[in-house]
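Asker: Dropping a structure here in structure tokens format, bear with me for questions.
The values are calculated or read from the model by the stated rules, or taken from the named source; none is laboratory data. Computed from a predicted model, the values in this text were never measured in an experiment. Neighbour counts are summed over all protein chains in view; Cβ atoms, including those assigned to glycine, are modelled from backbone coordinates with ideal geometry.
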Amino acid sequence: MHNELRLAYLDELFEAKKLYNQAQWADAFRRLERAHILGQHYAIAHIRVHWWMLKVGVKRGDVLEILGQLIRIVGGFLGSLIGKVPVGNSGGADVSAFAQMPIPDDLREILIKDNRSWEAVRRAPNKGKA
């Protein structure tokens, strides 16, 4: 993970954890979705986000999210290892784990510079601001 991507990913994760600690579950989850888009090509980063999404699901009492994240923790890890991830996917249980999704412009600019993800990101649809 190149430095700009790592810093952006860690910033989103830090903000998500801060919001989580303030019991702002929806805002924390939105930050986790952005961190997911940034980190999904890297197994540990990818799974860390799903772990935190699981924690938010538990706090919300959202059974669908809890079950979805348990599946995604295993599937996401394997997908990252073999380089098969649905680019732009936000990572929540409310979307298919296989759906490619548009990437917000600000995240696209960071991802396009990454050796592991640039080709897939280049082909992904644009989303605009998020």
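Asker: Filter the range 3-28 down to the residues that are surrounded by fewer than 14 Cβ atoms within 10 Å (Cβ to Cβ) and either outside any helix (DSSP H, G or I) or basic (Lys, Arg) (or both) and list them by number.
Answerer: Correct list: LYS18, GLN22, ALA23.
Asker: Tally up the residues in the range 38-69 that are under 24 Å from GLN22 (Cα atoms), assigned to a helix (DSSP H, G or I) and without any contact (Cβ under 8 Å) to a residue 12 or more places away in the chain, please.
Answerer: 2
Asker: Further question: I'd like to verify a number: residues in the range 1-24 that are within 21 Å of MET101 (Cβ to Cβ) and of a type in the set (A, V, I, L, M, F, W, C), how many?
Answerer: Selection size over the range 1-24: 5.
Asker: Does ARG72 satisfy being within 13 Å of the chain's Cα centre (by Cα), free of Cβ contacts under 8 Å to residues at least 24 places away in the same chain and buried (at least 22 other Cβ atoms within 10 Å of the Cβ)?
Answerer: Taking the combined requirement at face value, the residue does not satisfy it.
Asker: Restricting to the range 36-48, name every residue that is over 22 Å from GLY61 (Cα atoms), crowded, with 19+ Cβ neighbours inside 10 Å, out of contact with any strand residue (DSSP E or B) (no Cβ under 8 Å at 6 or more places or on another chain) and not polar (S, T, N, Q).
Answerer: In the first step, residues of the range 36-48 are kept if they are over 22 Å from GLY61 (Cα atoms); the result is 37-46.
Those still in the list that are crowded, with 19+ Cβ neighbours inside 10 Å too: 37-42, 45-46.
Within this subset, residues satisfying the condition of being out of contact with any strand residue (DSSP E or B) (no Cβ under 8 Å at 6 or more places or on another chain) are 38-42, 45-46.
The answer is LEU38, GLY39, HIS41, TYR42, ALA45, HIS46.
Asker: Given the criterion among the hydrophobic types (A, V, I, L, M, F, W, C), surrounded by 13 or more Cβ atoms within 10 Å (Cβ to Cβ), at pLDDT below 85 and not in a loop (DSSP other than H, G, I, E, B), identify the matching residue among ALA120, ALA130. Step through it out loud before you land on a result.
Answerer: Numbers: ALA130 fails: not in a loop (DSSP other than H, G, I, E, B).
Residue meeting the stated conditions: ALA120.
Asker: Only residues that are closer than 25 Å to VAL58 by Cα and either surrounded by 15 or more Cβ atoms within 10 Å (Cβ to Cβ) or without any contact (Cβ under 8 Å) to a residue 12 or more places away in the chain (or both): list them for the range 87-100, please.
Answerer: We begin by selecting, within the range 87-100, every residue closer than 25 Å to VAL58 by Cα; these are 88-99.
Passing the criteria: GLY88, ASN89, SER90, GLY91, GLY92, ALA93, VAL95, SER96, ALA97.
Asker: Being of a type outside the set (A, V, I, L, M, F, W, C) and at positive phi, is that true of even one residue in the range 14-25? It would help to see each step written out before you state the result.
Answerer: Within the range 14-25, the subset of a type outside the set (A, V, I, L, M, F, W, C) is 15, 17-18, 20-22, 24.
Filter again for at positive phi, leaving none.
Checked against the condition, which is being of a type outside the set (A, V, I, L, M, F, W, C) and at positive phi, the range 14-25 yields no hits at all.
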